[in-house]
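Notes follow once the structure below has been shown.
Bear in mind these aren't lab numbers, they're just calculated from the coordinates by the rules spelled out. Bear in mind that the values here come from a model prediction, so they are computed numbers and not experimental data. So basically every Cβ, Gly included, is an ideal-geometry build from the backbone, and we count neighbours across all protein chains shown.
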Amino acid sequence: MIRSLAIAALAAASVVAGEIAARQALVYNATRPTAAVQHTTEARKTHEINVPRIKDGAVKGYAVLLLSYAIDLGALKTAEMAPDSILVDEAFRYVYNDDTIDFDHLDRFDFGKMSKALIHSVNERVKGDVLVDVGVEEFTYATANETRPRP
């Protein structure tokens, strides 16, 4: 009989100890700082980018772009240069050199492809993964007849 009482007391003590340990583990996990690296990003916008469309030696119109982009501030500290002006340059080159863009039907333009190409080329030039995302806020086309001639 004493043996049964000793086994029952031992079982009760182990249950209480298990509950206390489980509660302490939950408290520890709740107060422990997260070990995941958090990337701090900042959203920025470019100024209007005007790209002339030249055919047969004459300006036929202008493509107007306004881009928004996100940069990783941690990677920006280690980059060789800021990506702001490089993004404008790469966007200008992309639109200027792409003869497949149909400006009469801009709804068919592949913005995802342009975004990936810009991210890759800018990050390559700054030698770091600074540029995280590029979005197109405005992409329009104005013919030469619609624009005001400059004196």
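Using the beta-carbon distance between His39 and Ser85 and R0 = 22 Å, what value does 1/(1 + (r/R0)^6) give for FRET efficiency, to the nearest 0.05? According to the calculation, E is roughly 0.45.
When the helix-only estimate is applied to the chain (DSSP H runs of n ≥ 4, each -39,500 (n - 2.57), divided by the residue count), what is the mean residue ellipticity at 222 nm, nearest 500 deg cm²/dmol? Intermediate values should be presented prior to the final figure.
Numbers: 4 runs with 66 residues, N = 151.
Using -39500 (n - 2.57) per qualifying helix, the result is -14500 deg cm²/dmol.
With the convex hull of its Cα atoms as the shape, segment 41-143 has an orientation-averaged projected area of 6.4 nm². For segment 83-144, the Cα gyration tensor yields ellipsoid semi-axes of 23, 12, 10 Å (square root of five times each eigenvalue, largest first, whole Å). Computed from Cα positions, the angle between helix 84-97 and the longest principal axis of the chain comes to roughly 50 degrees.
Report the FRET efficiency, 1/(1 + (r/R0)^6), for Asn97 and Leu26, where r is their Cβ-Cβ distance and R0 is 41 Å, rounded to 0.05. Could you put the intermediate results ahead of the total?
Details: r = 59 Å, r/R0 = 1.43.
The calculated FRET efficiency here is 0.10.
Could you tell me which GluC sites (Glu not before Pro) in segment 61-151 are loop residues by DSSP with no more than 11 other beta carbons within 10 angstrom of their beta carbon? Before the final figure, lay out the partial values.
Details: sites: Glu80, Glu90, Glu124, Glu137, Glu138, Glu146; in loops: Glu80, Glu146.
Passing both the DSSP loop test and the Cβ count: Glu80, Glu146.
Structure remark: mean-square fluctuation, Gaussian network model of the chain, C-alpha springs under 10 Å; the largest value among Tyr141, Tyr96, Tyr28 belongs to Tyr28.
The H on the amide N of Asp133, modeled in the peptide plane, is under 5 Å from the matching H of Ala70, each at least 5 residues off or on a different chain. With respect to the chain, whose longest principal axis is taken over its alpha-carbon atoms, helix 111-126 is tilted by about 80°.
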